[in-house]
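Enquirer: Once you've had a glance at the structure underneath, I'll fire off some questions.
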Amino acid sequence: MKKFLALVLASIMCLSLAACAAKTDGDGDKEEAKGSVYYLNFKPESDQAWQDLAKTYTEKTGVPVKVLTAASGEYNNTLIAEMDKKDAPTMFQVGNQGALKTWGDFCYDLSDTDFYKEMTTDDFNLKGENGEVLAAGYCYEAFGIIVNKALLAKAGYDLSDIKDFDSLKKVADDIHARAAELGFDAFSSAGLDSSSSWRFSGHLANMPLYYAFRDDNVTAQPAEIKGTYLENYKNIWDLYITDSATTGADLVAATGDMSTAEFKEGKACFYQNGTWEYAGLIEAGLKAEDLAMIPIYCGVDGEEKAGLCCGTENCWSVNKNASEEDIKATLDFMYWVVTSEEGTTLLAEQFGPCPFKNAKEPENVFFAQANKYIEEGNYVVTWAFNYTPAVDNWRAGVVDALAQYTAGKGEWDAVKTAFVDGWATQYAGENG
């Protein structure tokens, strides 16, 4: 009987040891590791990198890390299915306020975690009604005015000469006035062809939306907008369509390829676009050291402290319904990802700019500049256009009004109407 009990006890001990992973502390000694991590990954293109990183972390700590990557376009369906299981993801994506409405009750408050304390900005995070951080934006894209510094220097200026709308206008006006002498103009074509117009009905329109929403503390899609900063929108649009080789009615049919080519070929000093253009510009022969991205200045008070227009739908959340051990294991893993050599390398290679203290500098200089603006304390111009109702229809109305105005066939009031009344109309159409 004693021998039988001894065998039973020995079996129980073996099972207990098997159930607990072992991790190594800083001195190389093994200690018991509790909990596990299950990450439901949003981006198929980064699957192998996450699988490799998970394996490395488990080898280092003994903590099991499972990574499941949803198929392209199937993340929400996969999340619904996985969250309904007993062993649900402990770490998942919540990309915007709409998704937060659905998944907010599943999200752990990250506000007091070591992971959150590694962040350099709060601007990409999604919050609950009481200010709790429910989803942390871990990477972002940016857009602004791309500058050819070599051409700027040829015109007798430096980036430091541009710090607000007045100084941008002064430089652009001078370059435009001397275009024949210099061999290039100020801005590439602000084309309103569909291949180009999104830059202005979406990205440029973000400027008046961002400042109005900042003033009114808008944190959800509003039924109506005021148009408070539409004169600032007009400021920068007038500059684009005046200080350019292509003006007036010719801009209505000007394409995105035309605008890009003008910048690539050294025919324009300034070009509104985003971080995604970098690789193409380098492939076209432009040098990294000659490229920069500056904020879109439009004459708003205090804009000398503006940064680039940055946004993301890549936000991490932790499942608050997971076990206490799994929540801790997940938070430890997230902290390691944003502080370790292995983790920060993955983030830089796969996602570019990441708002963490130990983030590596991406090769893309536009990303590096976006980070630098943040580090220097400039405010981030977040993507307010994400709130646009019936986005395609609203933008079509704005583009039509811009085209009439630009061609000299309509007044600016028509742009205001398309902007403000169009928003209310599209919101009512979507919400009944």
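Enquirer: As a test, work out the antiparallel percent of DSSP beta bridges whose residues both lie in the chain, rounded to the nearest 5.
Expert: 70
Enquirer: If you don't mind, there's one more thing I want to ask. Can you give me the orientation-averaged projected area of the convex hull built on the Cα atoms of the stretch 79-222, in nm²?
Expert: Values: hull surface 53.5 nm².
Mean projected area of the Cα convex hull: 13.4 nm².
Enquirer: Further question: At Ala249 and Asp392, where each label point lies 7 Å from the Cα along Cα→Cβ, what is the point-to-point distance in nanometres?
Expert: Here the modelled spin labels are 3.0 nm apart.
Enquirer: Sticking with this structure for a sec: How much net charge surrounds Ala254 when only the other residues with a Cβ under 14 Å from the Cβ of Ala254 are counted, with Lys and Arg +1 and Asp and Glu -1?
Expert: Net local charge, Ala254 excluded: -3.
Enquirer: Further, regarding this structure: Does the stretch 312-432 classify as rounded, prolate or oblate by the C-alpha gyration tensor (a ≥ b ≥ c root eigenvalues; a/c under 1.5 gives rounded; else a/b over b/c gives prolate, otherwise oblate)?
Expert: Since a/c reaches 1.5 but b/c is at least a/b, the shape of the stretch 312-432 is classed as oblate.
Enquirer: Please give the contour-minus-distance gain from Gln404 to Lys34: 0.36 nm per residue of separation, less the Cα-Cα distance, rounded to one decimal in nm.
Expert: Numbers: separation 370, 0.36 × 370 = 133.20 nm, distance 6.50 nm.
The Gln404-Lys34 span can extend by a further 126.7 nm.
Enquirer: What length, rounded to one decimal in nm, is gained on full extension from Thr345 through to Ala150, with 0.36 nm per residue of separation minus their alpha-carbon distance?
Expert: Additional length available on full extension: 67.1 nm.
Enquirer: A further question on this structure: Just grab the label-to-label distance for Lys170 and Asn76, each label 7 Å out from Cα along the Cβ direction, in nm (one decimal).
Expert: The answer from the label model is 4.9 nm.
Enquirer: For Ile225, list long-range residues whose amide hydrogen, built 1.01 Å from N in the peptide plane, is under 5 Å from its own amide hydrogen.
Expert: The answer is Ala424.
Enquirer: Any idea what angle helix 206-216 forms with the longest principal axis of the chain, computed on alpha-carbon atoms, 0 to 90 degrees, nearest 10?
Expert: It is inclined by approximately 70 degrees.
Enquirer: Let me ask something else about it. Just report the Cα centroid separation between the stretch 188-214 and the stretch 140-166, whole Å.
Expert: First find each Cα centre; the distance between them is then 19 Å.
Enquirer: Determine the sum of side-chain charges near Met207: Lys and Arg each +1, Asp and Glu each -1, restricted to other residues whose C-beta is under 14 angstrom from that of Met207.
Expert: Value of the local net charge: -3.
Enquirer: To continue, here is another question. What residues have an amide H closer than 5 Å to that of Thr69, excluding those fewer than 5 places away on the same chain, when H is modeled at 1.01 Å from N in the peptide plane?
Expert: Result for Thr69 returns Asn41.
Enquirer: Find the relative contact order for the chain and round it to a whole percent, using C-alpha pairs within less than 8 Å whose residues are 6+ positions apart.
Expert: 22
Enquirer: Taking the highest mean first, how do the peptides 302-310, 272-280 order by number of other beta carbon atoms within 10 angstrom per residue?
Expert: On the way: 302-310: 20.8, 272-280: 18.4.
Peptide ranking by packing, descending: 302-310, 272-280.
Enquirer: Separate question: Helix-only mean residue ellipticity at 222 nm, the chain, DSSP H runs n ≥ 4 weighted -39,500 (n - 2.57), per residue, nearest 500. What is it? Present the calculation step by step, with values, prior to reporting the outcome.
Expert: Numbers: 16 runs with 185 residues, N = 432.
Computed mean residue ellipticity for the chain: -13000 deg cm²/dmol.
Enquirer: For Lys163 and Ser111, compute 0.36 nm times the residue count separating them, minus their Cα-Cα distance, and round to one decimal in nm. Before the final figure, lay out the partial values.
Expert: Values: separation 52, 0.36 × 52 = 18.72 nm, distance 3.40 nm.
Roughly 15.3 nm would be gained on extension.
Enquirer: Right, here's the next one. For a quick protection proxy, order the peptides 215-226, 132-143 by their average other-Cβ count within 10 Å, most packed first. Working shown, then result.
Expert: Details: 215-226: 12.8, 132-143: 23.7.
Highest-to-lowest ranking by the protection proxy: 132-143, 215-226.
Enquirer: Per Stokes-Einstein, at 37 °C and 0.692 mPa s, what whole-number D in µm² s⁻¹ belongs to the stretch 120-172, with the Kirkwood radius over Cα pairs as the hydrodynamic radius?
Expert: In µm²/s, the coefficient is 228.
Enquirer: Then there's this: Along the three principal axes, how long is the chain when you take its alpha carbons, biggest first, rounded to the nearest angstrom?
Expert: Largest first, the chain extends 102, 52, 35 Å along its Cα principal axes.
Enquirer: Which of the lysines could a cross-linker bridge to Lys86, judged by Cα under 28 Å and excluding same-chain residues fewer than eight apart?
Expert: Once the sequence-local lysines are set aside, what remains near Lys86 is Lys23, Lys34, Lys43, Lys55, Lys60, Lys66, Lys101, Lys127, Lys320, Lys328.
Here, each number is a calculation from the coordinates, and none is a lab measurement. Since we're looking at a predicted model, the values are computed, not measured. Neighbour counts run over all protein chains shown; Cβ positions are idealised from the backbone, glycine included.
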